[in-house]
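A.B. asks: I have a structure I would like to understand better, so I am pasting it below and will then ask my questions one at a time.
The values are calculated or read from the model by the stated rules, or taken from the named source; none is laboratory data. Since the structure is predicted, the reported quantities are computational estimates derived from the model, not experimental observations. Cβ placement follows ideal geometry from the backbone for every residue including glycine, while neighbour counts extend to all protein chains displayed. Accessible surface is based on the protein model in full, side chains and every heavy atom, while ligands, DNA and RNA are left aside. Shrake-Rupley method; radii C 1.70, N 1.55, O 1.52, S 1.80 Å.
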Amino acid sequence: MKVLFLAHTESDGGLGKAAAEALGAAKGLGGELVVGLFGAEVQKAADCVAGCGAVKFYGVAGPDFATARYGSDAAAAEAIAKAAGAEIIVAPSTSRMSRVAAGVAQRLGAKVDTRLTGLEAADGKITATRWFYRQRMLGKIERDARPWLVTVDTGCFAPCEAPGSATVEMLAVTPATRSQVVQVIAPAADAQTIRPDAKLLLVAGAGWGKSQSDGQKHVDEAARLILGLLSATQASLGSSKSLVDQSGEGAALPFLTHMHQVGQTGATPRHPKGLATCCHGEEPHVVGWRFIGERRAINLDANCGWAQGKADVLYVADAFAVVSKLVDLLK
Ligand SMILES: Cc1cc2nc3c(=O)[nH]c(=O)nc-3n(C[C@H](O)[C@H](O)[C@H](O)COP(=O)(O)OP(=O)(O)OC[C@H]3O[C@@H](n4cnc5c(N)ncnc54)[C@H](O)[C@@H]3O)c2cc1C
(Lines give C-alpha, C1' and ligand atoms only; values in the text may rest on other atoms or scores of the structure.)
Protein backbone atom coordinates (compact mmCIF):
# COMPACT_ATOMS: atom_id res chain seq x y z
CA MET A 1 0.00 0.00 0.00
CA LYS A 2 1.34 3.39 -1.01
CA VAL A 3 0.43 6.27 1.31
CA LEU A 4 0.85 9.91 0.31
CA PHE A 5 1.11 12.57 2.99
CA LEU A 6 -0.02 15.79 1.30
CA ALA A 7 0.29 19.26 2.86
CA HIS A 8 0.92 22.92 2.18
CA THR A 9 3.78 24.74 3.85
CA GLU A 10 3.34 27.74 6.16
CA SER A 11 4.35 31.35 5.49
CA ASP A 12 7.75 30.74 7.16
CA GLY A 13 8.37 27.82 4.81
CA GLY A 14 8.01 25.22 7.57
CA LEU A 15 5.29 22.71 8.37
CA GLY A 16 2.40 23.55 10.70
CA LYS A 17 1.34 21.49 13.72
CA ALA A 18 -1.71 20.12 11.89
CA ALA A 19 0.51 18.92 9.02
CA ALA A 20 3.00 17.24 11.40
CA GLU A 21 0.06 15.39 12.99
CA ALA A 22 -1.32 14.36 9.58
CA LEU A 23 2.10 12.96 8.76
CA GLY A 24 1.95 11.02 12.04
CA ALA A 25 -1.43 9.62 10.92
CA ALA A 26 -0.09 8.69 7.45
CA LYS A 27 2.98 7.04 8.94
CA GLY A 28 0.79 5.09 11.37
CA LEU A 29 -0.85 3.28 8.44
CA GLY A 30 2.43 1.48 7.89
CA GLY A 31 2.57 1.44 4.05
CA GLU A 32 5.16 2.82 1.65
CA LEU A 33 5.20 6.49 2.59
CA VAL A 34 5.54 9.36 0.08
CA VAL A 35 5.62 13.04 1.09
CA GLY A 36 4.10 15.76 -1.13
CA LEU A 37 4.39 19.45 -0.26
CA PHE A 38 3.35 22.68 -1.94
CA GLY A 39 3.87 26.34 -1.08
CA ALA A 40 6.12 29.31 -1.81
CA GLU A 41 9.02 27.00 -0.98
CA VAL A 42 9.10 23.42 0.27
CA GLN A 43 12.71 22.51 1.09
CA LYS A 44 12.59 23.76 4.70
CA ALA A 45 9.40 21.81 5.39
CA ALA A 46 10.79 18.69 3.70
CA ASP A 47 13.92 18.95 5.86
CA CYS A 48 11.72 19.14 9.00
CA VAL A 49 10.46 15.60 8.25
CA ALA A 50 13.35 14.21 6.19
CA GLY A 51 13.77 11.26 8.55
CA CYS A 52 10.09 10.23 8.60
CA GLY A 53 10.80 7.11 6.55
CA ALA A 54 9.34 8.37 3.25
CA VAL A 55 10.73 6.71 0.13
CA LYS A 56 10.13 9.83 -1.98
CA PHE A 57 9.49 13.56 -1.60
CA TYR A 58 7.58 15.56 -4.22
CA GLY A 59 7.26 19.33 -4.21
CA VAL A 60 5.45 22.12 -6.06
CA ALA A 61 6.82 25.56 -5.24
CA GLY A 62 6.78 29.16 -6.44
CA PRO A 63 5.06 32.50 -5.85
CA ASP A 64 1.82 31.12 -7.33
CA PHE A 65 1.59 28.67 -4.42
CA ALA A 66 2.47 31.09 -1.60
CA THR A 67 -1.10 31.85 -0.53
CA ALA A 68 -4.30 29.85 -0.44
CA ARG A 69 -6.16 29.99 -3.75
CA TYR A 70 -8.38 27.23 -5.05
CA GLY A 71 -6.99 27.09 -8.62
CA SER A 72 -3.31 26.92 -7.72
CA ASP A 73 -3.66 24.75 -4.59
CA ALA A 74 -5.88 22.20 -6.36
CA ALA A 75 -3.49 22.06 -9.35
CA ALA A 76 -0.48 21.51 -7.07
CA ALA A 77 -2.20 18.81 -5.01
CA GLU A 78 -3.48 17.06 -8.15
CA ALA A 79 0.00 17.01 -9.74
CA ILE A 80 1.60 15.61 -6.58
CA ALA A 81 -1.09 12.96 -6.12
CA LYS A 82 -0.79 11.84 -9.77
CA ALA A 83 3.01 11.65 -9.55
CA ALA A 84 2.83 9.67 -6.31
CA GLY A 85 0.11 7.27 -7.52
CA ALA A 86 -0.81 6.49 -3.92
CA GLU A 87 -3.85 4.51 -2.83
CA ILE A 88 -4.31 6.52 0.35
CA ILE A 89 -3.75 10.29 0.56
CA VAL A 90 -3.63 11.80 4.06
CA ALA A 91 -3.83 15.59 4.48
CA PRO A 92 -4.42 17.91 7.46
CA SER A 93 -7.87 19.48 8.01
CA THR A 94 -6.53 23.03 7.73
CA SER A 95 -8.89 25.55 6.15
CA ARG A 96 -6.54 25.78 3.16
CA MET A 97 -6.51 22.02 2.56
CA SER A 98 -10.20 21.57 3.38
CA ARG A 99 -11.07 24.05 0.64
CA VAL A 100 -9.50 21.93 -2.09
CA ALA A 101 -9.88 18.38 -0.74
CA ALA A 102 -13.17 17.53 -2.47
CA GLY A 103 -12.12 19.14 -5.76
CA VAL A 104 -8.79 17.32 -5.81
CA ALA A 105 -10.55 14.02 -5.08
CA GLN A 106 -12.90 14.69 -8.03
CA ARG A 107 -9.92 15.32 -10.34
CA LEU A 108 -8.27 12.08 -9.20
CA GLY A 109 -11.45 10.00 -9.34
CA ALA A 110 -10.90 9.42 -5.63
CA LYS A 111 -13.29 9.10 -2.69
CA VAL A 112 -12.92 11.67 0.04
CA ASP A 113 -13.63 11.74 3.79
CA THR A 114 -12.82 14.76 5.91
CA ARG A 115 -12.07 15.65 9.52
CA LEU A 116 -11.17 12.15 10.63
CA THR A 117 -10.27 11.64 14.27
CA GLY A 118 -8.89 8.11 13.86
CA LEU A 119 -7.18 6.14 11.09
CA GLU A 120 -6.01 2.56 11.54
CA ALA A 121 -4.75 -0.23 9.32
CA ALA A 122 -5.27 -3.85 10.39
CA ASP A 123 -5.74 -7.15 8.51
CA GLY A 124 -5.39 -5.37 5.16
CA LYS A 125 -8.24 -2.96 5.97
CA ILE A 126 -8.20 0.71 6.81
CA THR A 127 -10.73 1.99 9.30
CA ALA A 128 -11.37 5.70 9.59
CA THR A 129 -13.21 7.27 12.50
CA ARG A 130 -15.10 10.54 12.55
CA TRP A 131 -17.91 12.23 14.42
CA PHE A 132 -21.28 12.96 12.89
CA TYR A 133 -24.09 15.28 13.82
CA ARG A 134 -22.21 17.64 16.10
CA GLN A 135 -20.26 14.96 17.95
CA ARG A 136 -23.35 12.96 18.91
CA MET A 137 -22.45 9.88 16.87
CA LEU A 138 -19.06 8.31 16.31
CA GLY A 139 -18.85 6.64 12.89
CA LYS A 140 -16.38 4.10 11.55
CA ILE A 141 -15.78 4.07 7.81
CA GLU A 142 -14.19 1.43 5.61
CA ARG A 143 -13.92 1.86 1.86
CA ASP A 144 -12.80 -0.47 -0.91
CA ALA A 145 -12.48 2.40 -3.39
CA ARG A 146 -9.01 3.72 -4.14
CA PRO A 147 -7.57 6.30 -4.25
CA TRP A 148 -9.01 7.45 -0.94
CA LEU A 149 -8.26 11.01 0.13
CA VAL A 150 -8.74 11.81 3.80
CA THR A 151 -8.16 14.87 5.94
CA VAL A 152 -7.47 14.42 9.66
CA ASP A 153 -8.37 16.72 12.55
CA THR A 154 -5.80 18.28 14.84
CA GLY A 155 -5.22 16.97 18.35
CA CYS A 156 -5.90 13.34 17.38
CA PHE A 157 -2.54 12.03 16.17
CA ALA A 158 1.00 12.32 17.52
CA PRO A 159 2.98 14.74 15.35
CA CYS A 160 5.90 13.36 13.34
CA GLU A 161 9.06 15.44 13.62
CA ALA A 162 12.15 13.97 12.02
CA PRO A 163 14.59 16.68 10.90
CA GLY A 164 17.31 15.98 8.39
CA SER A 165 18.07 16.70 4.79
CA ALA A 166 15.52 15.67 2.15
CA THR A 167 15.92 15.33 -1.61
CA VAL A 168 12.76 16.71 -3.18
CA GLU A 169 11.68 16.04 -6.76
CA MET A 170 10.12 19.28 -7.93
CA LEU A 171 7.11 19.10 -10.25
CA ALA A 172 6.40 21.89 -12.74
CA VAL A 173 2.81 23.09 -12.40
CA THR A 174 1.34 26.08 -14.24
CA PRO A 175 -2.04 26.70 -12.66
CA ALA A 176 -4.81 28.11 -14.85
CA THR A 177 -6.00 30.77 -12.43
CA ARG A 178 -8.31 33.68 -13.07
CA SER A 179 -7.88 35.39 -9.70
CA GLN A 180 -4.88 37.19 -8.29
CA VAL A 181 -4.14 37.33 -4.56
CA VAL A 182 -3.62 41.07 -4.02
CA GLN A 183 -3.59 41.32 -0.26
CA VAL A 184 -4.53 39.36 2.84
CA ILE A 185 -6.62 41.35 5.33
CA ALA A 186 -6.91 39.58 8.67
CA PRO A 187 -7.52 40.67 12.25
CA ALA A 188 -4.43 41.14 14.41
CA ALA A 189 -3.34 37.89 16.03
CA ASP A 190 -4.39 39.26 19.45
CA ALA A 191 -7.90 40.13 18.23
CA GLN A 192 -8.57 36.48 17.44
CA THR A 193 -9.66 34.81 20.64
CA ILE A 194 -10.43 31.34 19.23
CA ARG A 195 -7.04 29.64 19.16
CA PRO A 196 -7.35 25.91 18.38
CA ASP A 197 -3.65 25.29 19.11
CA ALA A 198 -3.67 26.93 22.58
CA LYS A 199 -2.71 24.82 25.59
CA LEU A 200 -5.59 26.21 27.64
CA LEU A 201 -9.30 26.72 26.95
CA LEU A 202 -10.90 29.43 29.08
CA VAL A 203 -14.68 28.97 29.27
CA ALA A 204 -16.64 32.06 30.26
CA GLY A 205 -20.16 31.53 31.62
CA ALA A 206 -23.14 33.78 32.18
CA GLY A 207 -22.04 34.56 35.76
CA TRP A 208 -19.67 37.18 34.37
CA GLY A 209 -22.71 39.22 33.34
CA LYS A 210 -24.79 38.71 36.51
CA SER A 211 -25.24 41.00 39.50
CA GLN A 212 -22.47 40.41 41.98
CA SER A 213 -22.31 40.65 45.79
CA ASP A 214 -22.70 44.47 45.70
CA GLY A 215 -25.93 44.07 43.72
CA GLN A 216 -24.34 45.55 40.60
CA LYS A 217 -23.27 44.08 37.25
CA HIS A 218 -19.62 44.52 36.33
CA VAL A 219 -19.58 43.70 32.65
CA ASP A 220 -16.79 46.11 31.71
CA GLU A 221 -14.57 44.70 34.43
CA ALA A 222 -15.46 41.16 33.31
CA ALA A 223 -14.39 42.03 29.75
CA ARG A 224 -11.13 43.55 30.98
CA LEU A 225 -10.32 40.53 33.17
CA ILE A 226 -11.15 37.92 30.52
CA LEU A 227 -9.14 39.73 27.81
CA GLY A 228 -6.31 40.25 30.32
CA LEU A 229 -6.16 36.54 31.09
CA LEU A 230 -6.32 35.64 27.39
CA SER A 231 -3.53 38.06 26.62
CA ALA A 232 -1.34 36.79 29.48
CA THR A 233 -1.85 33.09 28.68
CA GLN A 234 -2.68 33.12 24.94
CA ALA A 235 -5.50 30.77 25.90
CA SER A 236 -8.42 30.12 23.58
CA LEU A 237 -11.81 31.52 24.60
CA GLY A 238 -14.96 29.42 24.77
CA SER A 239 -18.31 30.46 26.17
CA SER A 240 -21.57 29.01 27.43
CA LYS A 241 -24.68 29.46 25.32
CA SER A 242 -26.27 31.79 27.84
CA LEU A 243 -23.41 34.25 27.76
CA VAL A 244 -23.06 34.10 23.98
CA ASP A 245 -26.80 34.73 23.55
CA GLN A 246 -26.66 37.75 25.86
CA SER A 247 -23.62 39.09 24.05
CA GLY A 248 -25.46 38.76 20.73
CA GLU A 249 -28.14 41.08 22.18
CA GLY A 250 -25.45 43.59 23.14
CA ALA A 251 -26.04 42.88 26.85
CA ALA A 252 -22.73 41.25 27.74
CA LEU A 253 -19.21 40.87 26.41
CA PRO A 254 -18.78 42.51 22.98
CA PHE A 255 -16.03 40.17 21.74
CA LEU A 256 -18.14 37.00 22.02
CA THR A 257 -19.79 35.44 18.99
CA HIS A 258 -21.62 32.15 18.44
CA MET A 259 -18.31 30.78 17.19
CA HIS A 260 -17.16 30.80 20.82
CA GLN A 261 -19.99 28.60 22.11
CA VAL A 262 -18.94 25.22 23.44
CA GLY A 263 -21.36 22.41 24.14
CA GLN A 264 -24.05 20.29 22.60
CA THR A 265 -24.98 22.96 20.07
CA GLY A 266 -21.51 24.51 20.05
CA ALA A 267 -17.96 23.35 19.53
CA THR A 268 -16.08 20.56 21.31
CA PRO A 269 -12.49 21.82 21.05
CA ARG A 270 -9.38 19.84 21.98
CA HIS A 271 -6.95 21.50 24.39
CA PRO A 272 -4.69 19.94 27.04
CA LYS A 273 -6.30 22.03 29.81
CA GLY A 274 -9.56 23.83 30.45
CA LEU A 275 -10.71 26.40 33.03
CA ALA A 276 -14.44 27.12 33.31
CA THR A 277 -15.38 30.37 35.03
CA CYS A 278 -18.80 31.57 36.20
CA CYS A 279 -20.37 28.67 34.40
CA HIS A 280 -23.04 26.26 35.63
CA GLY A 281 -24.46 24.63 32.48
CA GLU A 282 -24.57 20.91 31.81
CA GLU A 283 -23.79 21.26 28.10
CA PRO A 284 -20.54 23.22 28.43
CA HIS A 285 -19.29 20.96 31.22
CA VAL A 286 -20.41 17.59 29.90
CA VAL A 287 -20.22 18.03 26.14
CA GLY A 288 -18.25 21.23 25.53
CA TRP A 289 -15.04 20.07 27.08
CA ARG A 290 -15.33 16.31 26.69
CA PHE A 291 -12.02 16.32 24.78
CA ILE A 292 -10.18 18.57 27.26
CA GLY A 293 -7.41 16.74 29.10
CA GLU A 294 -7.38 18.40 32.53
CA ARG A 295 -10.41 20.39 33.72
CA ARG A 296 -10.83 22.96 36.45
CA ALA A 297 -13.66 25.33 37.32
CA ILE A 298 -14.18 28.46 39.40
CA ASN A 299 -17.69 28.92 40.75
CA LEU A 300 -19.19 30.76 43.74
CA ASP A 301 -21.63 27.89 44.13
CA ALA A 302 -20.12 24.89 45.94
CA ASN A 303 -23.18 22.91 44.88
CA CYS A 304 -22.71 23.49 41.18
CA GLY A 305 -23.32 19.87 40.22
CA TRP A 306 -21.77 19.99 36.78
CA ALA A 307 -18.60 21.71 37.90
CA GLN A 308 -18.33 19.20 40.76
CA GLY A 309 -19.13 16.24 38.58
CA LYS A 310 -17.06 17.06 35.53
CA ALA A 311 -14.14 19.20 36.73
CA ASP A 312 -11.03 17.58 38.19
CA VAL A 313 -10.71 20.53 40.56
CA LEU A 314 -13.42 22.99 41.61
CA TYR A 315 -12.35 26.30 43.17
CA VAL A 316 -15.26 27.67 45.20
CA ALA A 317 -14.39 31.32 44.79
CA ASP A 318 -15.26 34.63 43.14
CA ALA A 319 -13.94 34.42 39.59
CA PHE A 320 -13.52 38.22 39.45
CA ALA A 321 -11.09 38.06 42.37
CA VAL A 322 -9.29 34.92 41.19
CA VAL A 323 -8.80 36.07 37.60
CA SER A 324 -7.72 39.55 38.72
CA LYS A 325 -5.06 38.04 41.00
CA LEU A 326 -4.04 35.55 38.32
CA VAL A 327 -3.53 38.30 35.71
CA ASP A 328 -1.44 40.29 38.22
CA LEU A 329 0.74 37.25 38.96
CA LEU A 330 1.16 36.43 35.26
CA LYS A 331 2.21 40.00 34.49
C1 LIG B 1 -31.14 21.79 23.28
C2 LIG B 1 -30.21 22.63 24.13
C3 LIG B 1 -28.90 22.79 23.70
C4 LIG B 1 -28.03 23.55 24.46
N5 LIG B 1 -26.74 23.68 24.02
C6 LIG B 1 -25.87 24.36 24.78
C7 LIG B 1 -24.51 24.47 24.39
O8 LIG B 1 -24.09 23.99 23.32
N9 LIG B 1 -23.67 25.15 25.18
C10 LIG B 1 -24.09 25.74 26.34
O11 LIG B 1 -23.25 26.35 27.02
N12 LIG B 1 -25.35 25.65 26.73
C13 LIG B 1 -26.26 24.98 25.98
N14 LIG B 1 -27.54 24.93 26.39
C15 LIG B 1 -27.97 25.75 27.55
C16 LIG B 1 -27.55 25.14 28.89
O17 LIG B 1 -28.52 24.20 29.25
C18 LIG B 1 -27.42 26.20 29.98
O19 LIG B 1 -28.62 26.95 30.05
C20 LIG B 1 -26.27 27.15 29.81
O21 LIG B 1 -25.09 26.45 29.48
C22 LIG B 1 -26.07 27.92 31.10
O23 LIG B 1 -25.03 28.85 30.94
P24 LIG B 1 -24.11 29.31 32.14
O25 LIG B 1 -23.64 28.14 32.90
O26 LIG B 1 -23.08 30.23 31.59
O27 LIG B 1 -25.09 30.25 33.02
P28 LIG B 1 -25.84 30.01 34.42
O29 LIG B 1 -26.54 28.71 34.44
O30 LIG B 1 -26.62 31.24 34.62
O31 LIG B 1 -24.65 29.92 35.48
C32 LIG B 1 -23.92 31.03 35.92
C33 LIG B 1 -22.95 30.55 36.97
O34 LIG B 1 -22.08 31.62 37.30
C35 LIG B 1 -21.75 31.49 38.67
N36 LIG B 1 -21.23 32.78 39.13
C37 LIG B 1 -21.87 33.99 39.18
N38 LIG B 1 -21.02 34.94 39.62
C39 LIG B 1 -19.82 34.33 39.85
C40 LIG B 1 -18.55 34.79 40.31
N41 LIG B 1 -18.32 36.07 40.64
N42 LIG B 1 -17.55 33.88 40.41
C43 LIG B 1 -17.73 32.57 40.10
N44 LIG B 1 -18.92 32.09 39.67
C45 LIG B 1 -19.94 32.97 39.54
C46 LIG B 1 -23.07 31.06 39.35
O47 LIG B 1 -22.80 30.43 40.59
C48 LIG B 1 -23.62 30.10 38.29
O49 LIG B 1 -23.21 28.78 38.58
C50 LIG B 1 -28.45 24.17 25.65
C51 LIG B 1 -29.78 24.00 26.09
C52 LIG B 1 -30.63 23.23 25.33
C53 LIG B 1 -32.05 23.08 25.81
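A.B. asks: Taking all protein chains as present, what is the carbon and sulfur share of the accessible area of the chain, in % to the nearest whole number, probe 1.4 Å? Walk me through the numbers on the way to the answer.
C.D. replies: On the way: 8130 of 16210 Å².
Here carbon and sulfur together make up 50 percent of the probe-accessible area.
A.B. asks: While we're looking at this one, here's another question. Counting alpha carbon pairs within less than 8 Å and at least 6 residues apart, what relative contact order, in whole percent, applies to the chain? Mind showing how you got there, number by number?
C.D. replies: Details: 715 pairs, mean separation 47.7, N = 331.
Computed value for the chain: 14 percent relative contact order.
A.B. asks: Could you please state, rounded to a whole Å, how far the C-alpha centre of the range 230-250 is from the C-alpha centre of the range 11-66?
C.D. replies: Using only Cα atoms to place each centre, the spacing works out to 35 Å.
A.B. asks: Please list, ordered by chain and number, the residues whose modelled amide H lies under 5 Å from the amide H of Lys56; skip anything fewer than 5 residues away on the same chain.
C.D. replies: Hits under the 5 Å cutoff: Val35.
A.B. asks: From the Cα gyration tensor of the range 152-209, with a ≥ b ≥ c the square roots of its eigenvalues, which class applies: rounded if a/c is under 1.5, or else prolate if a/b is larger than b/c, or else oblate? It would help to have the intermediate numbers written out before the result.
C.D. replies: Values: a/c = 3.32, a/b = 1.51, b/c = 2.20.
Judged from the Cα gyration tensor, the range 152-209 comes out oblate (a/c at least 1.5, b/c at or above a/b).
A.B. asks: Here's something else I'd like to know. Tell me the per residue accessible area of the range 76-233 using a 1.4 Å probe; a whole number in Å² is fine. Walk me through the numbers on the way to the answer.
C.D. replies: Values: 9040 Å² over 158 residues.
Per residue, the range 76-233 has an accessible area of 57 Å².
A.B. asks: If you don't mind, another one. Holding the Cα-Cα limit at 19 Å, pick out from Lys17/Lys44; Lys17/Lys125; Lys56/Lys140; Lys2/Lys82 the pairs that are longer than that. List each step's numbers first, then the result.
C.D. replies: Details: Lys17/Lys44 15 Å; Lys17/Lys125 27 Å; Lys56/Lys140 30 Å; Lys2/Lys82 12 Å.
Cα-Cα > 19 Å for Lys17/Lys125; Lys56/Lys140; rest within.
A.B. asks: Please work out the C-alpha center-to-center distance from the range 138-156 to the range 268-330 and express it in whole Å.
C.D. replies: With the range 138-156 and the range 268-330 each reduced to a Cα centre, they are spaced 33 Å.
A.B. asks: Moving to a separate point now. Excluding Val316 itself, what net charge comes from residues whose Cβ is under 13 Å from its Cβ, given Lys and Arg +1 and Asp and Glu -1? Don't skip to the answer; put the middle values down first.
C.D. replies: Working: positive: Arg296; negative: Asp301, Asp318.
Residues near Val316 contribute -1 overall.
A.B. asks: Among Val100, Val34, Val55, pick out the residue whose Cα is farthest towards the positive end of the charge dipole of the range 31-109, where Lys and Arg carry +1 and Asp and Glu carry -1 on C-beta, about the Cα centre.
C.D. replies: After comparing all options, I get Val100.
A.B. asks: Return the calculated 222 nm mean residue ellipticity for the chain, to the nearest 500 deg cm²/dmol, obtained by summing -39500 (n - 2.57) across DSSP H runs with n ≥ 4 and dividing by the residue count. Spell out each step's value before the answer.
C.D. replies: Numbers: 8 runs with 88 residues, N = 331.
The per-residue figure over the chain is -8000 deg cm²/dmol.
A.B. asks: Another question, if that's okay. Suppose every K and R has +1 on its Cβ and every D and E has -1 on its Cβ; what is the size of the dipole of the range 116-227 about the Cα centre, in Debye to the nearest 20?
C.D. replies: 440
A.B. asks: Counting alpha carbon pairs within less than 8 Å and at least 6 residues apart, what relative contact order, in whole percent, applies to the range 204-298?
C.D. replies: Numbers: 155 pairs, mean separation 25.3, N = 95.
In percent, rounded to a whole number, it is 27.
A.B. asks: While we're on this one: State, to one decimal in nm, how far the label point of Val316 lies from the label point of Val182, with both points 7 Å from Cα in the Cβ direction.
C.D. replies: 6.1
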